[in-house]
1. What about residue 863, is it closer than 22 Å to residue 677 by Cα, of a type in the set (Lys, Arg) and in contact (Cβ under 8 Å) with a residue 12 or more places away in the chain?
2. Which one of 76, 142, 103 is at pLDDT below 75, open to solvent by 20 Å² or more (accessible area, probe 1.4 Å) and more than 35 Å from the chain's Cα centre (by Cα)?
3. How many of the residues in region 263-284 are part of a helix (DSSP H, G or I) and of a type in the set (D, E, K, R)?
4. In the set 576, 552, which member is assigned to a helix (DSSP H, G or I), open to solvent by 60 Å² or more (accessible area, probe 1.4 Å) and under 19 Å from residue 516 (Cα atoms)?
5. Taking region 316-343 on its own, how many of its residues are more than 27 Å from residue 271 (Cβ to Cβ) and either in contact (Cβ under 8 Å) with a residue 40 or more places away in the chain or assigned to a loop (DSSP other than H, G, I, E, B) (or both)?
6. Looking at the structure I just gave you, is residue 300 at pLDDT below 90, in a helix (DSSP H, G or I) and hydrophobic (A, V, I, L, M, F, W, C)?
7. Please verify whether residue 98 is modelled with pLDDT of 50 or more, outside any helix (DSSP H, G or I) and among the small types (Gly, Ala, Ser), treating the condition exactly as stated.
8. Got at least one residue in region 767-776 being touching a Lys or Arg at 6+ places or on another chain (Cβ under 8 Å), assigned to a loop (DSSP other than H, G, I, E, B) and either under 22 Å from residue 678 (Cα atoms) or open to solvent by 30 Å² or more (accessible area, probe 1.4 Å) (or both)?
Amino acid sequence: MPAWILLALSALASNVVAAENESLSADELTLRAAHIGTDGPSLLQFFRKLMPKDERFERIPPLIPLLGHESFSVREEATAQLLAMGPAAVPRLSQAAADPDPEIRRRAQHCLQQLARAPDGSLAGAALTPIVTFRPQPGGLETLLVYFSAWDSLERSGNPLVIMAGVRLLAARRPAGAAQVLLDYLPFVMDGSVGEEIDSALTAMALSKGIPDPDLLRALQDKLGLRRAAAVGALCRAGGLPMASRVRPLLRDPDAGVRQRVAMVLAEFRDPEALPVLMALLDKLAPAEAQQVDEMLHQVAGDLAPSVNPGGQTADSWHKCRQSWEAWWRGLDGRKLLQLFHRRTPLDADRDRMLALVRELGDDEFEVREQASNRLRVIGPVALPVLRQALKDLDPEIVLRAQICKEQIEKGWQPLIRTGTAEAVGLGSGVPVLLPGFLQGVQQIEKDPSGLIPNGAARLVAMRRPPGAAEALLAYVPFAEDEMEADEIQGALTTLAFLGGPSDATLVGALDDKIAVRRAMAAVALFRAHGANSGEPGCVSARRMLHDPDPLVRLRVALALADLKDKEVIPGLIDLLAEFSEDQAWPVEEFLRRLADDRGPASAPGSDSNARRKWRDAWAAWWREYGAAVDLATLDRSPRLLGYTVVAEYTDGRNGRVLELGADHKVRWKVESIPWPLDVQVLPGQRLLLTEFYDNRVAERNFKGELLWHKQLTQAPLTARRLPNGNTLIVTQNQILEVDRAGRDVSSINRPGVQAAEKLRNGRIASIDSAGGFTVHDAAGRAIKSFSVGSFESYCSFQVLPNGGVVLPLKSRNQIVEFNAQGKRVWEASAPQPTSAVRLPNGHTLVSCRDGQLVVELNRSGKEAWQYKSTGYPWRAYQR
């Protein structure tokens with residue numbers, strides 16, 4: 001379809017949205033503009049018409065082997081005939097794109113690239129020339145007629161924008177047979193954005209009241225591997241671990257592509273059976289797919305990944321890479337990994353005593369504070385987890401003394417012990433300073449007592465399942481360094497519960513543990529492994545945690561059950577709003593905002609107990625009115641990233657460009673000659689939202705760089721984001737502005753000196769000014785809370801984390817810093833003059849460095865996971 005028609009169609013839909021008929025969604029208007037019905041039957045008919053007729057399929061399989069024929073003319077003619085087949089050839093070509101024969105693989109990939117382009121004279125010529133030049137096989141000329149008729153149907157209705165709108169509406173309408181028609185159409189998709197929309201739609205339709213869609217279950221046995229793989233992804237994303245058990249048999253699927261998809265999904269759930277399958281595939285896949293597998297293995301292994309021989313473009317290099325990974329897996333000793341946790345886990349009595357000493361660090365009496373400091377120093381490395389947690393305390397005296405104790409232990413603990421315990425702390429020999437388990441802990445401390453447990457250790461313990469794994473991880477939980485490490489342990493406990501055996505009995509026993517975090521983690525692991533409504537005895541017992549005396553236990557368990565689509569827990573979650581402070585209640589508010597699609601009650605009118613009760617009552621009233629109609633099956637609290645890294649960078653003069661890196665960290669596409677895109681957001685339908693700094697405007701362009709929409713400003717924009725309601729948030733150095741699709745101002749907050757801002761899901765605005773003040777405002781612009789983050793510079797950006805904290809670059813200090821919700825610095829890492837920082841779901845941080853001309857991903861320890869060296873100057877980078 002000509003580009004001007006696509007632009008006109010998109011503009012027409014946008015203009016209508018901005019005009020009279022606001023009762024219709026943008027997707028409905030897009031389809032109506034294309035003369036396509038928006039009811040369920042019409043949508044089903046639309047997709048059926050997009051699919052080529054089945055009679056062409058039988059001509060295609062014999063052509064695939066000919067792509068690797070010894071005769072050049074035969075290879076050329078087979079290529080031409082497959083091109084002439086058009087969309088009908090896509091399913092077989094997709095399979096051939098991973099063929100072990102490099103010539104078949106190369107030609108199949110070439111055909112797919114050609115077919116993905118809009119039909120034009122050059123493609124017709126590519127198909128026609130070899131058929132005329134070489135002596136054709138029977139049926140060669142006839143395929144040209146098939147080609148033109150296939151593309152004629154796509155000319156009339158194959159606009160990706162229209163198709164994606166249809167996919168989204170089909171998922172919303174959910175007529176009978178919706179999943180099946182998308183599965184049928186999936187092999188003919190040639191636009192990556194359409195494929196992503198179909199994956200999302202299938203996920204949304206995968207479960208109905210906890211019951212899997214029968215069409216998706218049948219698709220697990222479909223004769224086409226692409227459909228089997230799509231069904232696996234949708235069912236597992238919607239159903240989690242309980243559904244993963246149903247797809248495990250496909251780890252032995254005859255199609256390598258299906259085995260890859262299933263193993264990648266199960267590896268995300270830390271299923272130990274997935275890793276050997278992935279390793280065995282490394283030298284059987286095309287290099288691009290093998291690279292994705294290698295990256296997944298590195299993600300699972302974390303800091304404990306081996307120094308493997310990197311794969312390249314040859315089969316031999318990937319064979320050596322496979323051997324390295326398999327040797328690492330065979331030699332991975334779960335018992336040794338478990339020792340990392342044993343050595344850092346004091347006895348419960350020790351923990352209670354150390355917590356008491358930490359509280360004494362802030363005592364009114366100087367002598368009490370000094371004595372507590374001395375005793376914590378003598379305890380040594382065993383006290384480090386408690387001291388690290390004390391660094392987040394609100395009492396500045398406790399924070400200061402905890403920091404000093406921590407540094408002294410890390411630098412000089414052993415010399416201190418050698419001088420004699422009693423003398424070192426200034427006490428008489430009769431005073432018992434050693435804790436009950438102190439000597440045992442000292443004997444087990446490794447050579448680096450201050451080192452963090454490596455990222456990946458917990459998940460590998462769960463996958464190796466050494467005896468006592470669940471007990472050891474549960475014992476360590478109260479000493480976890482931070483939320484990321486706690487999440488890793490939660491995932492490991494869930495894996496152990498999924499694998500069953502003695503671990504389940506340990507988790508059930510932990511439901512009665514005196515320490516709240518252990519009770520909560522045990523219950524969450526059981527529910528995630530077996531399902532919200534499982535009749536499994538452990539889950540039945542875990543239900544009582546919804547009435548636990550500790551509200552944090554109730555919060556963790558209720559959120560886990562809500563995530564598993566259990567509507568019965570929502571009223572209890574709402575009740576917690578009145579029990580927590582604003583900073584503690586953020587997970588509940590975030591969940592409810594997603595549930596209400598940002599249309600729930602306004603933000604809390606204040607932070608006192610009376611205001612919190614009113615806020616709870618407002619949400620309770622909302623739930624009574626709308627709760628019956630809410631479908632938790634459509635709620636995705638953790639959006640799946642595609643693994644693509646989007647970069648906006650300055651190049652020369654007034655120009656810049658936007659590019660995207662694939663999972664292999666190579667450029668997938670780029671758009672050049674943009675008037676300095678200081679910020680970028682990729683929108684559905686291959687569109688870009690850009691802040692064009694030098695032209696004082698926010699613009700929307702397609703991947704060809706063509707202008708689709710813009711908002712002209714009187715001053716240069718710093719950042720811009722498309723909001724869930726379709727409006728656009730624009731930040732300049734003096735104003736935070738929200739505009740609708742027509743460019744009309746919806747709201748405006750004057751903030752002289754603002755450097756960056758972000759709209760939160762609760763409607764509040766977070767911003768940082770030129771003085772380094774981080775402030776959260778309500779919808780009216782009134783400051784709710786603020787703290788200083790330091791020398792935050794112009795043209796940089798930040799990210800507010802789900803826990804209310806913030807991660808940001810301090811360019812002049814060459815640092816990335818994370819502050820918690822109270823403004824305490826809790827993490828930092830080095831980076832050369834960073835300009836943006838984004839926390840990724842795996843706990844890593846993605847950083848753009850302008851003057852360093854690179855984009856780098858840092859792990860939890862601040863070490864580099866990978867980098868992209870650019871010829872430009874990156875200002876922004878984020879993953880989608």
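The values are calculated or read from the model by the stated rules, or taken from the named source; none is laboratory data. For clarity, every value in this text was computed on a predicted model and none was experimentally measured. Quick reminder, even Gly has a Cβ in these numbers, built from the backbone with ideal geometry, and neighbours come from all protein chains shown. Side chains are part of the model used for accessible areas, which takes the heavy atoms of the whole protein and leaves out ligands, DNA and RNA. Shrake-Rupley method; radii C 1.70, N 1.55, O 1.52, S 1.80 Å.
1. Values: closer than 22 Å to residue 677 by Cα: no; of a type in the set (Lys, Arg): yes; in contact (Cβ under 8 Å) with a residue 12 or more places away in the chain: yes.
Here the answer is no, as residue 863 does not meet what is asked.
2. Working: 76 fails: at pLDDT below 75; 103 fails: at pLDDT below 75.
One residue alone meets the criteria, 142.
3. Summing the residues that are part of a helix (DSSP H, G or I) and of a type in the set (D, E, K, R) in region 263-284 gives 1.
4. Numbers: 576 fails: open to solvent by 60 Å² or more (accessible area, probe 1.4 Å).
Checking each option against the conditions leaves just 552.
5. Quick first cut of region 316-343, residues more than 27 Å from residue 271 (Cβ to Cβ) only: 316-317, 343.
Pick out the ones that are also either in contact (Cβ under 8 Å) with a residue 40 or more places away in the chain or assigned to a loop (DSSP other than H, G, I, E, B) (or both) and you get 343.
Total satisfying the criteria: 1.
6. Working: at pLDDT below 90: yes; in a helix (DSSP H, G or I): yes; hydrophobic (A, V, I, L, M, F, W, C): yes.
So residue 300 passes the test.
7. Numbers: modelled with pLDDT of 50 or more: yes; outside any helix (DSSP H, G or I): yes; among the small types (Gly, Ala, Ser): yes.
Here the answer is yes, as residue 98 does meet what is asked.
8. Restricting attention to region 767-776, the residues satisfying the condition of being touching a Lys or Arg at 6+ places or on another chain (Cβ under 8 Å) are 767, 769, 775-776.
Adding the requirement that they be assigned to a loop (DSSP other than H, G, I, E, B) leaves none.
So far as region 767-776 goes, no, none of its residues is touching a Lys or Arg at 6+ places or on another chain (Cβ under 8 Å), assigned to a loop (DSSP other than H, G, I, E, B) and either under 22 Å from residue 678 (Cα atoms) or open to solvent by 30 Å² or more (accessible area, probe 1.4 Å) (or both).
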